[in-house]
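Engineer: My questions will all concern the structure given below.
The values are calculated or read from the model by the stated rules, or taken from the named source; none is laboratory data. Being a predicted model, the structure only gives us computed values, none of them experimental. No Cβ is skipped: glycine too gets one built from the backbone with ideal geometry, and neighbour counts run over all protein chains shown.
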Amino acid sequence: MSLMKPDMKMDESFYKIEEIRHLTGETFSLKLPKARFAFQAGQHISLGIVGGNQSREYSIYSGVNDDHLEVLIKEVEQGYFTPRLRKLRPGNMVEVHGPFGKFGMEPEHAATGKFVFIASGTGIAPFRSIVHTFPEIDYQLIHGVRYSKEAYDRNEYASDRYTLCTSRDKNGDYHGRLTGYLKSCNFAPDTQFDLCGNSEMIFDALEILKRKGFDRDQIHCEVYF
Amino acid sequence: MIPNKKKTVAFKTLGCRLNQYETDALVTDFSEAGYDLVDTNSSPDVVIVNTCTVTNQSDQKSRTVISQAARKTKNAVVVVTGCMANNFKEKLESQENITFVVENSRKSSILALVDAHFSGEILHPDKLPQDVFRYEPVRKSLHTRSAVKIQDGCDNFCTFCIIPMVRGRAVSRPVADVLESVRKTIGNGFKEIVITGVNIGRYQDGESRFEDLLAKILEVPGDFRVRISSLEPDGFGDDFVQLFANPKLMPHLHLCLQSGSEKTLLRMRRMYNVEQFRKTINRFRAVYSDFNFTTDIIVGFPGETDDEFQQTLDAVNEFKFSHIHTFKYSVRKGTRAERLENHIHEKVKNARSLLVRELSVGNKMNYFKSFIGQTENVLIEKITQGIANGYGQHYIPVRFKVSGEMKNTVHSVTLTEIRGTDEEMYLFGEISN
């Protein structure tokens, strides 16, 4: 008897793009068939273009039980990979490996915990996955973006749970950086914090939360670069 | 008729303990199949180079060893395996001085490949079975202690690390197989086993986690001691700490800190933070005050500022590691860190590396001093001109005078003085049993 996990067949990692949702001029989501692997809400995958020689990591944007596996992508203007992803069309194939990572939500925690999700830009992806997977979860989502149009799928979150911080226009709930808003907030002592987004936001938010007296064990981070 | 001459095989191994274990297992395979073990200067019929690719330096060393082995043994079958064989497979396959390139997952079947070659069969390495746990327990080792492999692969995907790409996803060996391997290894005469894998802290076989497996290993009857190879510093419970009360389990852990900076650890995408690391160290030392911690540190990771590096020095001072493997960060193609900004100049990396090493030597000296007058149980690994070399239970190197052949035996030694310097520092003592 082989002691190894069975080899993954090549085609099991290939997914045909079913739909592309354009959320802003730069940001879009790829909707793929339902994941062929079990994952925990909050984890990420590696995504490659079939025939290409590179891949990148993306947090899963869809819930564990959703009908589609979805990822949220922002095109980097001078980048190598995202402009190529941008050119893909429904019917094109991508290669998906994963899931990866320890960032995420376990069902027993989701049922009992009190959470503050702090996201910058597309760093909202794992939190949408969590909210889709655990609709009853007790959470507050603080989303920092430049413009209010980047409030991706905002209507999916209850308005009293979602706070939009916009640094370049005044159409958010708070005008300024997410970290500025965070400084003004009060949270219950037993709150768990999950942070996802660019490294500078995470470093700053981490310091703010530590200064507010929260233990490092209450703060969980997923850094986008 | 001229009788068939016994075939000879030579091995060259680079890199980690897991590679060393896999070589030892191959040595066992070839010995039992009737091959004589020789060195590469003795014109062997087969040369097996078990490579490493964890850093640029490892690649360079591996390339050099392959070239030297092939040059010295012009008519030999040259087999290249190990992580470099995965990372640079096509390039290595195109080299005329290499007969076979065998990926890690097929490494355990190299004997079958070589035998087929000498029998005139055409067998491509890609047709060998894939099984990362197929290795037989080590019988004829190049070492006194033997590793037991419990796990392979890693799912952590730290941004600097190529290992998940070359060793694959994490897989754990079933508990029953591990215990059988432990029994056989002890039965083969080893007094010390080292629990080995790529990321052994993530061991999971059904409901059995790493500490559950370790508890079962410690229950195996016999006079042996257990060490744990390099460990990621996350996910320990109190049960794990308590296991070290068992005299079979040696009071030493190589816990990989990598950096003392919260920001650098986040950029590395490590699974812990400095505070969690501190709690782990303190939890152990509250119970076992002389517990030995060693570690790995990467200096010059992209974006590492002077302040962040200072935090690493502070951590090294605070945690008092008795030994540090210091690595200067080097780009691994295909990793996330390759694309990070603010790569650090080599000169800065050199300077930082030197500072860590200086601190490390000071810490080692202080740790060793604390053992003068104490007694360690030392497993003798070799004896040179009447001086025995071995390690005490805390994994400190000890030398002492002996008479007669006492290799692979454990002796109580009273430690009297520190000798040697820097990396060669050791404790000298007198046998007291």
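Engineer: Quick one: is residue A:149 within 14 Å of chain B (Cβ to nearest Cβ) and either in contact with a Ser or Thr (Cβ under 6 Å, 6 or more places away or on another chain) or charged (D, E, K, R) (or both)?
Structural biologist: So residue A:149 fails the test.
Engineer: Return yes or no: is residue B:216 away from chain A (no Cβ under 14 Å), farther than 24 Å from residue B:155 by Cβ and surrounded by fewer than 20 Cβ atoms within 10 Å (Cβ to Cβ)?
Structural biologist: Criteria not met by residue B:216.
Engineer: From the list B:145, B:106, B:139, pick out the single residue that is touching a Phe, Trp or Tyr at 6+ places or on another chain (Cβ under 7 Å) and either hydroxyl-bearing (Ser, Thr, Tyr) or closer than 26 Å to residue B:174 by Cβ (or both).
Structural biologist: B:145
Engineer: Quick check on my filter: what residues within the stretch B:126-141 are over 14 Å from residue B:192 (Cα atoms) and of a type in the set (A, V, I, L, M, F, W, C)?
Structural biologist: Result: B:128, B:132, B:133.
Engineer: Failed condition for residue B:337, given (1) of a type outside the set (S, T, N, Q); (2) within 29 Å of residue A:201 (Cβ to Cβ); (3) in a strand (DSSP E or B), with all others met?
Structural biologist: For residue B:337, the exception is condition (3).
Engineer: Can you tell me which residues in the stretch B:108-127 are within 13 Å of another protein chain (Cβ to nearest Cβ) and over 19 Å from residue B:7 (Cα atoms)?
Structural biologist: B:108, B:126
Engineer: Provide a single number: the residues in the stretch A:189-218 that are within 11 Å of another protein chain (Cβ to nearest Cβ) and surrounded by 21 or more Cβ atoms within 10 Å (Cβ to Cβ).
Structural biologist: Total satisfying the criteria: 3.
Engineer: Of everything in the stretch A:78-122, what is in contact with a helix residue (DSSP H, G or I) (Cβ under 8 Å, 6 or more places away or on another chain) and assigned to a helix (DSSP H, G or I)? Give them in sequence order.
Structural biologist: A:110, A:121
Engineer: Tell me, yes or no, whether the stretch B:132-140 has at least one residue that is at pLDDT 90 or above and in contact with a helix residue (DSSP H, G or I) (Cβ under 7 Å, 6 or more places away or on another chain).
Structural biologist: yes
Engineer: Tell me, yes or no, whether the stretch A:152-160 has at least one residue that is in contact (Cβ under 8 Å) with a residue 40 or more places away in the chain and part of a loop (DSSP other than H, G, I, E, B).
Structural biologist: yes
Engineer: Might you let me know whether the stretch B:150-173 holds any residue that is away from chain A (no Cβ under 14 Å), more than 20 Å from residue B:106 (Cβ to Cβ) and buried (at least 23 other Cβ atoms within 10 Å of the Cβ)?
Structural biologist: no
Engineer: Assess whether residue A:197 counts as being touching an Asp or Glu at 6+ places or on another chain (Cβ under 9 Å) and among the small types (Gly, Ala, Ser).
Structural biologist: Yes.
Engineer: May I pose another question? Sort out which residues of the stretch B:262-292 are in contact (Cβ under 8 Å) with a residue 60 or more places away in the chain, within 9 Å of chain A (Cβ to nearest Cβ) and of a type in the set (Lys, Arg), and write them in order of number.
Structural biologist: Across the stretch B:262-292, the qualifying residues are B:267, B:269.
Engineer: Can you run down the residue pairs with Cβ atoms below 7 Å, 6 or more apart or on separate chains, where the first is in the stretch B:110-123 and closer than 22 Å to residue B:136 by Cα and the partner is among the aromatic types (Phe, Trp, Tyr)?
Structural biologist: B:111/B:30; B:113/B:100
Engineer: Here's another thing I want to ask about it. Going through the stretch B:61-91 one residue at a time, which ones are in a helix (DSSP H, G or I) and surrounded by 20 or more Cβ atoms within 10 Å (Cβ to Cβ)?
Structural biologist: B:62, B:65, B:66, B:69, B:70, B:83, B:84, B:85, B:86, B:87
Engineer: Go through the stretch B:223-270 and count every residue that is of a type in the set (A, V, I, L, M, F, W, C), more than 19 Å from residue B:144 (Cβ to Cβ) and not in a helix (DSSP H, G or I).
Structural biologist: 8
Engineer: So which residues in the stretch A:36-67 are over 15 Å from the mean Cα position of the chain (by Cα) and closer than 19 Å to residue A:85 by Cα?
Structural biologist: A:48, A:49, A:50, A:51, A:52, A:53, A:54, A:55
Engineer: Could I ask something else about it? Condition first: over 16 Å from residue A:18 (Cβ atoms), touching a helix residue (DSSP H, G or I) at 6+ places or on another chain (Cβ under 6 Å) and either in a loop (DSSP other than H, G, I, E, B) or at pLDDT below 90 (or both). Now tell me which residues in the stretch A:36-77 satisfy that.
Structural biologist: A:41, A:42, A:63, A:64, A:75, A:76
Engineer: Would you be able to tell me the number of residues in the stretch B:298-334 that are within 14 Å of another protein chain (Cβ to nearest Cβ) and either surrounded by 15 or more Cβ atoms within 10 Å (Cβ to Cβ) or modelled with pLDDT under 95 (or both)?
Structural biologist: 8
Engineer: Does residue B:295 qualify as being assigned to a helix (DSSP H, G or I), surrounded by 20 or more Cβ atoms within 10 Å (Cβ to Cβ) and away from chain A (no Cβ under 14 Å)?
Structural biologist: When the stated conditions are applied, residue B:295 does not pass them.
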